[in-house]
1. Within the range 314-351, count every residue that is part of a loop (DSSP other than H, G, I, E, B), surrounded by fewer than 23 Cβ atoms within 10 Å (Cβ to Cβ) and of a type outside the set (S, T, Y).
2. Hey, among L156, L134, which residue is of a type in the set (A, V, I, L, M, F, W, C), within 16 Å of ligand 2 (Cβ to nearest atom) and open to solvent by 10 Å² or more (accessible area, probe 1.4 Å)?
3. Are any of the residues in the range 277-296 more than 16 Å from G71 (Cβ to Cβ) and of a type in the set (V, I, T)?
4. Could you please give the count of residues in the range 69-78 that are away from ligand 2 (no atom under 16 Å from the Cβ), open to solvent by 10 Å² or more (accessible area, probe 1.4 Å) and under 23 Å from T38 (Cβ atoms)?
5. Residue under question is F234, and the condition is that it be more than 16 Å from ligand 1 (Cβ to nearest atom), touching a residue at least 24 places away in the same chain (Cβ under 8 Å) and closer than 25 Å to M319 by Cα; does it hold?
6. Would you please name the residue that is farthest from V320 (Cα to Cα), looking only at residues in the range 86-114 that are open to solvent by 30 Å² or more (accessible area, probe 1.4 Å) and outside any helix (DSSP H, G or I)?
Amino acid sequence: MHRIAVIPGDGTGPEVVREGLKVLEAAAQATGFCYETTTYDFGGERYMRTGEVLPDSAVDELRGFDAIFLGAIGHPDVAPGILEKGILLRLRFELDQYINLRPVKLYPNVDCPLKDKGPEDIDFVVVRENTEGLYGGMGGFQYKGTPQEVSTQVHLTTRFGAERAIRYAFDIARKRNKMKQLHLVGKRNVLTFVHDTWWRAFNEVGAADYPDIKREYAHVDATCMWFVKNPEWFDVIVVENMFGDIITDLGAMIQGGMGVAAGGNINPEGVSMFEPIGGSAPKYTGQNVICPMAAIGAVQMLLAEIGEEKAAERVEQAMVKALGNGRIKSVNAGRMGMSTSEMGDLVASLV
Ligand code: IPM
Ligand code: MN
C-alpha cells in the first residue's frame, strides 16, 4: 500500500492535480498496485483565511508518506516569497530533498520552438542541487533603507552537498546508458570559489568511482546557447541550485513548454515530492484550459520513484499515445483543442 500526500496548492494546481490523480488511478487499475491519498490544503487561500503557511506538524506528518504530489505554489494576492519560501522551499529543505530531477524530453507530436530539432535531439536530464546555493538563505541587510544600504546573499556551497548531487547524477548517467556522459554546468571562470568546489568534487568522484562515464564541463551561459543550438549534445547535467532553476525553464521551453515539464524533488533516502514545474498560472485558474500533461508526467516520475516501474512506463506510453492520436492540437494553455479534464480523461483511457 503506497501512501501518497497530495497538495493541490494554488491557481491551476488543483485542476492539473485532479487529472494527474485520474491517471494514477488508471495506472493502479491496470497494474494492480494499491494506494491511498491524503489531501492537504496548503497554499494561498488557506494562508489568507488562517494566517498559517505551513503548520509545524505538517512537515513531520509528510515525512510519513511514501511520496508527495504537488500542484503549484504561488498566489497573486500574497506577497512573493511567503508561500514559495514557506511551503515549497521549506518542504524541499526540511525533507532534505536534495535533488531536483528535471527531465527535458521532447515527445513526438509536441511542437518544438527550435528549427530542425526533434525528439531524437532533445532527451536529457538535469540534476539540480536543491538545498544549497543562493537558496540557502544566508545573507542580510546593513543600513537598510539608507543610501548606504548593503545587502548580501551568500552562495552557500558544501562539499557534502555538491558531492551527493554529483554522485546521484553519475548514477543516472550510468543507468540511462545513453551517451554515458555527465556535464557539470557552472561559471568557474568567475565564481572561482563555489565552482571550484564543484569542479574538484566532480573530477575526484568521477575519476575514483565512475571511470566509465565521460566528464564534460560547460559554463552556464554557454549551456543556454547549446540548449538552443545543439541540445543533442546533452545526456545528463549536474548543476547548482540557482543556475539549475534558470536553465530548466529554458529546458521546459525546448521540450514543448510548461504544459509538459515535470520534476521531482527527491530525497533518495526519504520522501520525495513531484510537481509540474510551471507554477500556478493564475490567469488561467478555473478555466479548465491548462495543460495537465506536466502533472501527469509528475505522476509518472512519482510511480518510478516508489518502485512501480511498470505503471510508470504505462503512464508514459499513454502520454505518448495521447499526444499522437491527433486530437490534441497543442500543449499550450487555451490552445489544446480540448479541456484540461478531457486531456486527463484521454490519457487515463490509454493507460
Ligand atoms: C521552481 C520554482 C521555485 C524555485 C520557486 C517557486 C521558489 O521556480 O521550482 O523552479 O525557484 O525553485
Ligand atoms: Mn523555477
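1. Taking the range 314-351 as the starting set, the residues that turn out to be part of a loop (DSSP other than H, G, I, E, B) are 325-339, 351.
Subset that is surrounded by fewer than 23 Cβ atoms within 10 Å (Cβ to Cβ): 325-330, 332-339.
Still in the running and of a type outside the set (S, T, Y): 325-329, 332-338.
The number of residues fulfilling the criteria is 12.
2. Numbers: L156 fails: within 16 Å of ligand 2 (Cβ to nearest atom).
Step by step, each of L156, L134 is checked, and only L134 is of a type in the set (A, V, I, L, M, F, W, C), within 16 Å of ligand 2 (Cβ to nearest atom) and open to solvent by 10 Å² or more (accessible area, probe 1.4 Å).
3. Within the range 277-296 (the criterion being more than 16 Å from G71 (Cβ to Cβ) and of a type in the set (V, I, T)), the answer is no, since none of the residues qualifies.
4. The total comes to 1.
5. yes
6. So, considering only residues that are open to solvent by 30 Å² or more (accessible area, probe 1.4 Å) and outside any helix (DSSP H, G or I), the one farthest from V320 (Cα to Cα) is D96.
Condition check ((1) more than 16 Å from ligand 2 (Cβ to nearest atom); (2) in contact (Cβ under 8 Å) with a residue 24 or more places away in the chain) across all residues:
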residue: A27; (1), (2): yes, yes
residue: F33; (1), (2): yes, yes
residue: F42; (1), (2): yes, yes
residue: R46; (1), (2): yes, no
residue: T50; (1), (2): yes, no
residue: P55; (1), (2): yes, no
residue: A67; (1), (2): yes, yes
residue: P80; (1), (2): no, no
residue: I99; (1), (2): no, yes
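This table checks each residue for (1) open to solvent by 20 Å² or more (accessible area, probe 1.4 Å); (2) of a type in the set (D, E, K, R).
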position: A173; (1), (2): no, no
position: G186; (1), (2): no, no
position: F193; (1), (2): yes, no
position: D196; (1), (2): yes, yes
position: F202; (1), (2): no, no
position: Y210; (1), (2): no, no
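The values are calculated or read from the model by the stated rules, or taken from the named source; none is laboratory data. This structure is a prediction, so every number in the text was calculated from the model and none was measured. Reconstructed Cβ throughout: ideal geometry from the backbone, glycine too, with neighbour counts over all protein chains shown. Accessible surface is based on the protein model in full, side chains and every heavy atom, while ligands, DNA and RNA are left aside. Shrake-Rupley method; radii C 1.70, N 1.55, O 1.52, S 1.80 Å.
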